[in-house]
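Let me begin by presenting the structure, written as structure tokens, before commenting on it.
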Number of protein chains: 2
Amino acid sequence: MSELLGGKQRLPELMPLMKETSETAVWICSHWELQGCTAADCNAVLKALQPVFQEQGMTETVHNWEDHGYLATYIQKNGSFANLRIYPHGLVLVDLQSYNDQTKGREETDRLLDKVEERMKELFHGNIKRVKRLPAILRGGAIDRYWPTADGRLVEYDIDEVVYDEDSPFQNIKILHSKQFGNILILSGDVNLAESDLAYTQAIMGSGKENYAGKEVLILGGGDGGILYEIVKLKPKMVTMVEIDQMVIDGCKKYMRKTCGDVLDNLKGECYQVLIEDCIPVLKRYAKEGRMFDYVINDLTAVPISTSPEEDSTWEFLRLILDLSMKVLKQDGKYFTQGNCINLTDALTLYEEQLSRLYCPVEFSKEIVCVPSYMELWVFYTIWKK
Amino acid sequence: MSELLGGKQRLPELMPLMKETSETAVWICSHWELQGCTAADCNAVLKALQPVFQEQGMTETVHNWEDHGYLATYIQKNGSFANLRIYPHGLVLVDLQSYNDQTKGREETDRLLDKVEERMKELFHGNIKRVKRLPAILRGGAIDRYWPTADGRLVEYDIDEVVYDEDSPFQNIKILHSKQFGNILILSGDVNLAESDLAYTQAIMGSGKENYAGKEVLILGGGDGGILYEIVKLKPKMVTMVEIDQMVIDGCKKYMRKTCGDVLDNLKGECYQVLIEDCIPVLKRYAKEGRMFDYVINDLTAVPISTSPEEDSTWEFLRLILDLSMKVLKQDGKYFTQGNCINLTDALTLYEEQLSRLYCPVEFSKEIVCVPSYMELWVFYTIWKK
């Protein structure tokens, strides 16, 4: 039971109340795992917990599966309800949903769950193998805190404000404020970059091992301005950034200034220019003109938003970009890109297979980087011509 | 709707199946937010979705609150069930629970939710403001993936194996394997350190700015061996580590070797010793003997497990440790410790207040560090005598 004491709380503290935003459905899920449970025990759980809900004035509906245990549903006059699901092998789930502002909803459900917990302890004290109450899940409010990781895990962000939310012709653009990460750019549901994520920008620039002074650099995508801002500080000869979506630039120059500084205030500076274009035709034009770069940095979003007809599949799109990029990359130049989260090993392998299918032979290295707002480790690639 | 396309999936990939472990209750939560919803619409949702569930052979129970909308419960013969909760202002929640091995449970619920989604789109196409389906929540299995952050957020880890799980006289000790972070030490439910977390060890050693060569170092706690292992490499004169819990050392020396190397294989080495003791009496002894250290590193767990009678509260315990540590710290020595997650500002402020109440005047600085397995930014303190 000692695991109930913890939580990663290193110093004593009253849990801070997240900024209230609007009314929300609050779903609190808890469960108990019992040892050596029999059919009689299942019934005992039901009988023991019934009064706890009934004391709250909740009305009960019970379904008995016989061989699959019980589901009891308890309904409160104010619109709240609870599910009590008892599985025959001793898993007891109590889930409560209330609709209220966050604080009141949590208090109501927490209070009821405390009573359930007390009863369960009285009844099964020695036989409770594990108890778990998950943090409240908030649904339907103005702020969506749940942005799953690339490998499909549920993670809750400490979002307290929707700063920007617009649909461009290409994608949905959100900028949400996180208490710890600052503003986060989310493109079509995909956490792109937070103001805390200099680690991302540094990794996709070669982790401090490159000398950009006097160099020609091409950035594909990069609408948050982070790479452009960092490279311009290093006195390059010329940086060309090709971003398809003006609205990403508009949002970021206003709300991601810790990332982009003032670099997006003008689309042209002393040593940089930003082209608002699809990068495929630009790459083709440069290849035709024989224009060459010391560095090509691919910071495009995953789901391609180019409208070029060539690509039949995402992989072909990625290969097209790679092939065109190699055509404009000097023989001793370097191509940097982000890959994927470290857990998506199949995708990473497939990506590396594409690298062996380019028009010219290339070699690559990879690096694993912790990007604070991603909540998962991310793989970055460096690619160069053999 | 574009946000449905995304997920932080940068490269195309079939979602990998997490290693199956045991039968689990799979809870899939989804919701739709409708614009301009009327009472008639609520009823229309109910009527439209009823056949979807009934086609699955599910039996229905409907509760109509009149002023709070509907709850329909659908029960499947195999023990699965669904809640359809319709709130009058247009929030529609469909939550399904099945009990099955993970893959089958997910497929079943996903299939049903796809059908619900189709019907909702047919019915309310232009008026759906937001759709959200959360990743499946798995409960009651052998592996618990949910270890909330210090600021109380729900996060799911990619745990695929329980490596060690024992109760010591002091705490519950778990070592769980994460696909991306390696083995993670969890003490009484508190994520302490993963094999990926060299950033933690570096931060609590002063972020590479200290010269440990020839120095006297005292580590309080630190049973995972990470600090000891890293400092011993730097040729100190002598490191003394005081860890109360032999079982933490036993678990870590076996399963956290990427963190501790071979340093815990012996409790004594050329330039270090590990004392299995409560650090309070040790500190008192050292203070009495006039033993002084160049560095004191406090790596104790948050919830104190000392049995000393002096501390009435956690804050007093923390102050006692600080006072005793200052007594054994050389005038030009440094005291390092981890603080808390950056969001728990009240706890951080309270901690800093303690620093002004020590027997001797001190100054401090703090640093914010991203520890990969924490999924939140963490504050580290350096404290020195004025």
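Tabulated data for the structure shown
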item: 3 or more residues under 23 Å from B:MET292 (Cα atoms), open to solvent by less than 30 Å² (accessible area, probe 1.4 Å) and touching a residue at least 24 places away in the same chain (Cβ under 8 Å): qualifying strands (runs of 3 or more DSSP E) within segment B:121-239; result: B:216-221
item: Qualifying strands (runs of 3 or more DSSP E) (wholly inside segment A:26-109; at least 1 residues being exposed (fewer than 14 other Cβ atoms within 10 Å of the Cβ) and at pLDDT 95 or above); result: A:59-64
item: Test result for B:SER188, in contact with a Ser or Thr (Cβ under 8 Å, 6 or more places away or on another chain) and within 24 Å of A:TRP378 (Cβ to Cβ); result: no
item: Pick from segment A:240-281, criterion assigned to a loop (DSSP other than H, G, I, E, B) and of a type in the set (Val, Ile, Thr), ranking: least open to solvent (accessible area, probe 1.4 Å); result: A:VAL263
item: Out of B:THR349, B:THR337, B:THR345, sole residue that is in contact with a helix residue (DSSP H, G or I) (Cβ under 8 Å, 6 or more places away or on another chain), within 30 Å of A:SER196 (Cα to Cα) and among the hydroxyl-bearing types (Ser, Thr, Tyr); result: B:THR337
item: Sole residue being more than 14 Å from chain A (Cβ to nearest Cβ), within 28 Å of the chain's Cα centre (by Cα) and over 17 Å from B:ILE231 (Cβ atoms), chosen from B:GLN246, B:GLN331; result: B:GLN246
item: Condition met for B:LEU358 (of a type outside the set (S, T, N, Q), part of a loop (DSSP other than H, G, I, E, B), away from chain A (no Cβ under 12 Å) and in contact with a helix residue (DSSP H, G or I) (Cβ under 8 Å, 6 or more places away or on another chain)); result: yes
item: Qualifying positions in segment B:132-171 - facing chain A (nearest Cβ under 7 Å), farther than 18 Å from A:LEU154 by Cα and in contact with a strand residue (DSSP E or B) (Cβ under 7 Å, 6 or more places away or on another chain); result: B:GLN171
item: From A:LEU318, A:LEU358, A:LEU324, residue being modelled with pLDDT under 95, aliphatic (A, V, I, L, M), open to solvent by less than 70 Å² (accessible area, probe 1.4 Å) and more than 20 Å from A:GLY208 (Cα to Cα); result: A:LEU318
item: Residues of segment B:188-199 satisfying the condition of being modelled with pLDDT of 95 or more and either more than 7 Å from chain A (Cβ to nearest Cβ) or more than 10 Å from the chain's Cα centre (by Cα) (or both); result: B:ASN192, B:LEU193, B:ALA194, B:GLU195, B:SER196, B:ASP197, B:LEU198, B:ALA199
item: Filter result (more than 20 Å from B:LEU91 (Cα to Cα) and at the interface with another protein chain (Cβ under 7 Å from one of its Cβ atoms)) within segment A:74-100; result: A:ARG85, A:TYR87, A:LEU91, A:LEU93
item: Subset of segment A:366-386 (residues that are closer than 23 Å to B:CYS370 by Cβ, more than 9 Å from every other protein chain (Cβ to nearest Cβ) and in a strand (DSSP E or B)); result: A:LYS366, A:GLU367, A:VAL369, A:VAL379, A:PHE380, A:TYR381, A:THR382
item: Unmet criterion (only one of (1) assigned to a strand (DSSP E or B); (2) free of Cβ contacts under 8 Å to residues at least 60 places away in the same chain) for A:ASN298; result: (2)
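Condition check ((1) more than 10 Å from chain B (Cβ to nearest Cβ); (2) acidic (Asp, Glu); (3) without any contact (Cβ under 8 Å) to a residue 40 or more places away in the chain) across all residues:
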position: A:ALA44; (1), (2), (3): yes, no, no
position: A:LYS47; (1), (2), (3): yes, no, yes
position: A:GLY57; (1), (2), (3): yes, no, yes
position: A:HIS68; (1), (2), (3): no, no, yes
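The values are calculated or read from the model by the stated rules, or taken from the named source; none is laboratory data. All figures in this text were calculated on a predicted structure; none of them were measured in a lab. Neighbour counts run over all protein chains shown; Cβ positions are idealised from the backbone, glycine included. Side chains included, ligands, DNA and RNA excluded: accessible areas come from the protein's heavy atoms. Shrake-Rupley method; radii C 1.70, N 1.55, O 1.52, S 1.80 Å.
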